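What follows is a set of notes on a single structure, which appears directly below.
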Amino acid sequence: MASATPRGIARREQLVEATASLVAEHGYHQVGVDDIGAAAGVSGAAIYRHFAGKQELLVAVIERAVDALMGRARGIVAGSAVPGAALDGLVAAHVDFALSETDAITVYVQEAHSLEDAARRRLRRQQRAYTELWIDVLESKAPGAARDDLATAVHGVFGLINSVADHRRRADDTSSAPLLASMARASLEAAVSSLR
């Protein structure tokens, strides 16, 4: 594997971006290593300097998305003095991610089954940790609510926000983001009210 030089890191990022875009559009099994290389401006063989193969690229696409979400979420929760601010921050960060990383969401939803078992289990654990962070914040707004019920509310909001990857947006992000955030917050507030 190539060393972690600035050039190597930039090339890896190009390859991950190309993989996300191509797999989101055509599906994992329809995209070859040569296609990814061509989209990233390198030969297919050059990919092997950075990744063991197409499976590792798929893992990198999904892992990058989950890591980005988790990193932002931890920072938001740590920096928020009250649960309401943390929840607003989590919603805003997830909306921002969904609007800017629709390819990664599409790849995760459509291709997680294509991951090898060990990678799928690892990514599922990371996804659960992200969900648990949301549940912890929501639980502080609805003390005594069953965590399973809170998990249902959180996953419902993820589905609402992530649905932007399912259609071609006609509105720009400046109008879509506040609308999605408002809908997500209203959904969470309704869940909290019904679970108190």
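Coordinate-derived values only; no laboratory data. It should be emphasised that the depicted structure is a prediction, and the values quoted were computed from it without experimental measurement. We place every Cβ from the backbone using ideal geometry, glycine too, and count neighbours over all the protein chains shown.
Tabulated results
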{"item": "Rounded FRET efficiency, nearest 0.05, which uses the C-beta distance separating residue 38 from residue 152 and R0 of 45 Å", "result": "0.55"}
{"item": "Segment 1-72: radius of gyration and largest Cα-Cα distance (Dmax), Å", "result": "11.8, 35"}
{"item": "Pairwise label distance in nanometres, residue 74 with residue 46, each label 7 Å out on the Cα-Cβ vector", "result": "3.4 nm"}
{"item": "R0 of 30 Å, Cβ-Cβ distance residue 166-residue 5: FRET efficiency to nearest 0.05", "result": "0.20"}
{"item": "Part-to-part distance (alpha-carbon centres) for segment 1-37 and segment 99-171, which is given in Å", "result": "24 Å"}
{"item": "Peptide ranges 134-140, 46-52 listed from the most packed, as the mean C-beta count within 10 angstrom indicates", "result": "134-140, 46-52"}
{"item": "Integer Hz, Karplus 6.51/-1.76/1.60 couplings in order for segment 173-180, x for Gly and Pro", "result": "5, 5, 9, 5, 4, x, 5, 4"}
{"item": "More than 31 angstrom apart: percent of Cα pairs within the chain", "result": "25 percent"}
{"item": "For peptides 73-83, 150-160, 89-99, sequence by mean Cβ density within 10 Å, most packed first", "result": "89-99, 150-160, 73-83"}
{"item": "Net charge dipole size for segment 59-195 [Lys, Arg +1 and Asp, Glu -1 on Cβ; Debye, nearest 20]", "result": "120 debye"}
